[in-house]
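Structure record follows, encoded as structure tokens.
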Amino acid sequence: MTTNRLEPCIKLPLENEILEDIVDKAKDWALMHGAGMRSKVNFSKDSLQFAPFILLPSTFPREEFNKATEIQIILNELIHKVAHDYGFLSSSLKSTVEVDEFTSRLFKIYETVHNEGTAQQMLSLGLFRSDYLAHSAANNNIKQVEINTIASSFGGICTHIPSLHRYVLQELGHGDKIKNVPVNTALEGLCGGMLEAWKIYGDPNAVILFVIENITYNICDQRFHEFEIRRQNRMVVVIRRTLTQIADTAKLGKNKELSIDGLSVAVVYFRSGYEPAQYPSSKEWAARLMIERSLAIKCPSIHYHLAGTKKVQQTLATPGVLEKFLTDPAKVDAVKEIFTGLYSLDLDEDGNRAAEMAIMKPECYVLKPQREGGGNNVYGEKVREVLQSMTDSQERTAWILMERIIPPVQKGYMIRPGGPEVPQLVDLVSELGIFGVIIGNASTVIANRQVGHMLRTKLSSADEGGVAAGSGALDSPYLI
Ligand code: ADP
Ligand code: MG
Ligand code: MG
């Protein structure tokens with residue numbers, strides 16, 4: 001395996017005294033600008049901790065950054081078309097639905113609304129985030145890790161990280177480097193998408209409903225969205241409810257208008273509902289179905305949600321499939337370039353071949369179930385163990401196999417709550433996310449835009465780097 005190194009934006013290490021001082025200032029900057037989260041250990045609604053962050057912006061190849069931003073509208077279009085192809089979604093997810101209960105329940109909701117005949121003409125709002133790692137073995141070209149179509153987070157907080165990094169560079173006497181830290185307009189763009197959907201819905205008294213978890217740790221990110229919506233249009237009210245509360249109090253009117261506590265709902269924005277634990281009983285599933293049946297514009301609709309599954313990602317990488325959705329060969333080539341090896345693990349010849357390949361070289365692959373939110377994938381030696389335990393078991397079809405991407409490493413400082421006052425210089429790797437907004441139905445696309453980015457960085461030795469999950473840190477790109 002080849003790994004390579006990227007040079008940090010300034011010469012490191014910093015002297016201890018300078019480091020201690022700048023870390024102190026950067027932590028306060030982060031707290032005072034809302035780059036925060038609620039603590040999982042000492043949870044209180046009355047206080048915030050700063051979110052883990054990287055002291056200096058991490059170097060990222062400019063050309064690859066531009067490539068990722070440029071391809072976003074093609075990916076938006078691709079997911080949109082996939083989501084409106086009932087035959088394709090059903091056949092791609094068929095084997096998974098047979099064994100994976102969560103995907104199966106989502107799929108049942110999809111079938112129900114599809115059979116009722118409304119799903120196709122209803123508008124969907126997509127706030128997507130496509131994630132990439134630069135691949136050392138491919139000259140640091142970006143490869144897509146996945147695309148998130150539900151609860152794509154950190155657009156709110158990440159919009160502020162370039163300012164944090166510009167402040168740090170300035171304080172360290174490197175103001176000349178600020179120009180290489182691109183502006184991020186993710187928050188404005190994502191909220192602009194929600195407001196555009198709200199306007200299309202056409203009821204000036206209707207609200208935007210955020211579907212939230214029972215406990216919100218990532219509160220700053222969510223509130224930034226709410227405050228930005230209010231800043232852009234103070235007429236629009238945002239309400240927050242859990243799926244359980246929705247089950248208890250929401251109703252459908254005679255024309256299928258969704259209302260809750262006497263308020264009509266124009267747009268439903270899911271920040272929950274992407275993992276099994278968020279549906280503790282059949283009540284929450286009934287709430288999801290009610291929302292899906294309603295006239296409200298869903299972000300995402302059930303078909304957008306399903307189009308973002310890892311199984312669909314894998315099916316799209318099968319030869320000849322992209323061509324069904326993208327007619328322009330240049331677009332097909334551009335998307336193929338960012339795909340890396342993705343393999344079905346169905347119980348057939350192809351699946352057996354893929355499993356054998358990974359059993360021989362487990363360190364070269366990642367094994368993925370149909371889950372979101374981090375912490376669900378299998379890496380290294382365990383890939384072999386888990387695959388061997390599933391030989392001949394139908395359960396294997398709920399997983400996909402992906403080639404492991406080895407990103408370039410660079411030195412940097414990770415700052416975490418409760419960490420040392422003088423952090424160690426460590427080896428880091430970064431994952432870039434690009435946000436896209438799309439609004440449309442089966443026959444039209446009303447809006448399709450790329451709106452901003454996020455960078456998340458983890459220790460190079462860690463398998464995963466989710467910030468909410470605990471091992472990653474917020475970052476912003478330094479383009480070279
Ligand atoms: P989730 O939906 O849970 O975020 P991901 O597919 O994004 O699932 O995987 C979680 C994390 O695992 C990624 O953020 C990345 O750090 C790591 N990862 C996933 N796929 C790969 C891969 N093919 N190569 C290297 N790392 C990967
Ligand atoms: Mg995901
Ligand atoms: Mg991910």
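The values are calculated or read from the model by the stated rules, or taken from the named source; none is laboratory data. All figures in this text were calculated on a predicted structure; none of them were measured in a lab. Here the Cβ is made from the backbone with ideal geometry for all residues, glycine too, and neighbour counts use every protein chain on show.
Among the candidates I297, I302, I359, which residue alone is assigned by TED's automatic domain parsing to the domain that holds S393, more than 16 Å from ligand 3 (Cβ to nearest atom) and among the β-branched types (V, I, T)? Before the answer, list the steps.
Numbers: I297 fails: assigned by TED's automatic domain parsing to the domain that holds S393; I302 fails: assigned by TED's automatic domain parsing to the domain that holds S393.
Answer to the selection: I359.
Which condition number in (1) over 22 Å from D100 (Cβ atoms); (2) more than 16 Å from ligand 3 (Cβ to nearest atom); (3) among the β-branched types (V, I, T) is the one that I405 fails?
Here I405 meets the rest and fails (2).
Anything in segment 384-401 that is of a type in the set (A, V, I, L, M) and either touching a helix residue (DSSP H, G or I) at 6+ places or on another chain (Cβ under 6 Å) or within 21 Å of Q313 (Cα to Cα) (or both)? List them, or say none.
The initial filter retains those residues of segment 384-401 that are of a type in the set (A, V, I, L, M), namely 386-387, 390, 398, 400-401.
Hits for segment 384-401 are L387, M390, A398, I400, L401.
Considering only residues that are within 11 Å of ligand 1 (Cβ to nearest atom) and either in the same structural domain as P276 (by TED's automatic domain parsing) or closer than 14 Å to Y343 by Cβ (or both), which ones fall in segment 379-402?
Scanning segment 379-402 gives I400, L401, M402.
Given the options A462, A469, name the one that is within 16 Å of ligand 3 (Cβ to nearest atom), surrounded by fewer than 21 Cβ atoms within 10 Å (Cβ to Cβ) and more than 26 Å from A307 (Cβ to Cβ). First the steps, then the outcome.
Details: A469 fails: more than 26 Å from A307 (Cβ to Cβ).
Result of the check over A462, A469: A462.
T96: modelled with pLDDT of 95 or more, hydroxyl-bearing (S, T, Y) and assigned by TED's automatic domain parsing to the domain that holds E292, yes or no?
Values: modelled with pLDDT of 95 or more: yes; hydroxyl-bearing (S, T, Y): yes; assigned by TED's automatic domain parsing to the domain that holds E292: yes.
When the stated conditions are applied, T96 passes them.
Listed residues G202, G193, G189, G175; which is surrounded by fewer than 16 Cβ atoms within 10 Å (Cβ to Cβ), of a type outside the set (A, V, I, L, M, F, W, C) and at negative phi?
Matching residue, one of G202, G193, G189, G175: G175.
Kindly provide the set of residues from segment 297-321 that are touching a residue at least 60 places away in the same chain (Cβ under 8 Å), part of a loop (DSSP other than H, G, I, E, B) and within 16 Å of ligand 1 (Cβ to nearest atom), ordered by number.
Keep residues of segment 297-321 that are touching a residue at least 60 places away in the same chain (Cβ under 8 Å), which gives 297-316.
Going one step further and asking which of them are part of a loop (DSSP other than H, G, I, E, B), we end up with 300-301, 308-309.
Within segment 297-321, P300, G308, T309 qualify.
Being touching a strand residue (DSSP E or B) at 6+ places or on another chain (Cβ under 7 Å), more than 12 Å from ligand 1 (Cβ to nearest atom), closer than 25 Å to G380 by Cβ and part of a loop (DSSP other than H, G, I, E, B) is the filter here; which residues of segment 462-478 pass it?
none
Do you know which of the residues in segment 441-461 that are within 20 Å of E70 (Cβ to Cβ) and in contact with a Leu (Cβ under 8 Å, 6 or more places away or on another chain) is farthest from ligand 1 (Cβ to nearest atom)?
Initially, segment 441-461 is screened for residues within 20 Å of E70 (Cβ to Cβ), giving 445, 447-455.
So of that shortlist, the ones also in contact with a Leu (Cβ under 8 Å, 6 or more places away or on another chain) come out as 451-455.
Numbers: V451: 20, G452: 18, H453: 15, M454: 11, L455: 12 Å.
Looking at the filtered set, the residue picked out is V451.
Within segment 135-143, can one find any residue that is assigned by TED's automatic domain parsing to the domain that holds R271, under 19 Å from the mean Cα position of the chain (by Cα) and not aliphatic (A, V, I, L, M)? Please lay out each step first, then the result.
Start the filter on segment 135-143 by keeping residues that are assigned by TED's automatic domain parsing to the domain that holds R271, which leaves 135-143.
Then keep just the ones that are under 19 Å from the mean Cα position of the chain (by Cα); that gives 142-143.
Adding the requirement that they be not aliphatic (A, V, I, L, M) leaves 143.
Yes, because at least one residue in segment 135-143 is assigned by TED's automatic domain parsing to the domain that holds R271, under 19 Å from the mean Cα position of the chain (by Cα) and not aliphatic (A, V, I, L, M).
Results for (1) in contact with a Pro (Cβ under 6 Å, 6 or more places away or on another chain); (2) in contact (Cβ under 8 Å) with a residue 24 or more places away in the chain; (3) within 22 Å of E323 (Cβ to Cβ); (4) among the basic types (K, R), shown as yes or no for each residue.
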residue	(1), (2), (3), (4)
T69	no, yes, no, no
Q72	no, yes, yes, no
L78	no, yes, yes, no
S90	no, no, yes, no
S95	no, yes, no, no
H114	no, yes, no, no
M122	no, yes, no, no
L133	yes, yes, no, no
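Between a first residue in segment 415-431 that is within 20 Å of S58 (Cβ to Cβ) and a second residue that is acidic (D, E) and within 16 Å of ligand 1 (Cβ to nearest atom), which pairs have beta carbons less than 8 Å apart while being 6 or more apart in sequence or on different chains?
Hits for this filter: S430/D475; E431/D131.
Being over 18 Å from R293 (Cα atoms), outside any loop (DSSP other than H, G, I, E, B) and touching a residue at least 60 places away in the same chain (Cβ under 8 Å) narrows it down to one of C220, C191, so name that one.
Details: C191 fails: touching a residue at least 60 places away in the same chain (Cβ under 8 Å).
Being over 18 Å from R293 (Cα atoms), outside any loop (DSSP other than H, G, I, E, B) and touching a residue at least 60 places away in the same chain (Cβ under 8 Å) holds for just one of C220, C191, which is C220.
Taking A138 and the conditions (1) hydrophobic (A, V, I, L, M, F, W, C); (2) under 30 Å from I302 (Cβ atoms); (3) away from ligand 2 (no atom under 16 Å from the Cβ), which numbered condition does it fall short on, given that it satisfies the others?
So A138 meets the others, but not (2).
Out of I54, I142, I147, I need the residue that is within 16 Å of ligand 3 (Cβ to nearest atom) and in contact with a Ser or Thr (Cβ under 7 Å, 6 or more places away or on another chain). Which one?
On the way: I54 fails: within 16 Å of ligand 3 (Cβ to nearest atom); I142 fails: in contact with a Ser or Thr (Cβ under 7 Å, 6 or more places away or on another chain).
I147 is the lone residue from the list that is within 16 Å of ligand 3 (Cβ to nearest atom) and in contact with a Ser or Thr (Cβ under 7 Å, 6 or more places away or on another chain).
What pairs come up if the first residue lies in segment 143-162 and is part of a helix (DSSP H, G or I), the second is more than 16 Å from ligand 2 (Cβ to nearest atom) and hydroxyl-bearing (S, T, Y), and their beta carbons are under 6 Å apart, counting only those six or more places apart or on different chains?
Hits for this filter: I161/S476; P162/S476.
Scan segment 368-383 and give yes if some residue there is part of a helix (DSSP H, G or I), away from ligand 2 (no atom under 16 Å from the Cβ) and farther than 21 Å from L459 by Cβ, otherwise no. If you could, list the steps in order and put the result at the bottom.
Filtering segment 368-383 for residues part of a helix (DSSP H, G or I) gives 381-383.
Among the residues that remain, those that are also away from ligand 2 (no atom under 16 Å from the Cβ) are: 381-383.
Now narrow it down to the ones that are farther than 21 Å from L459 by Cβ: none.
No.
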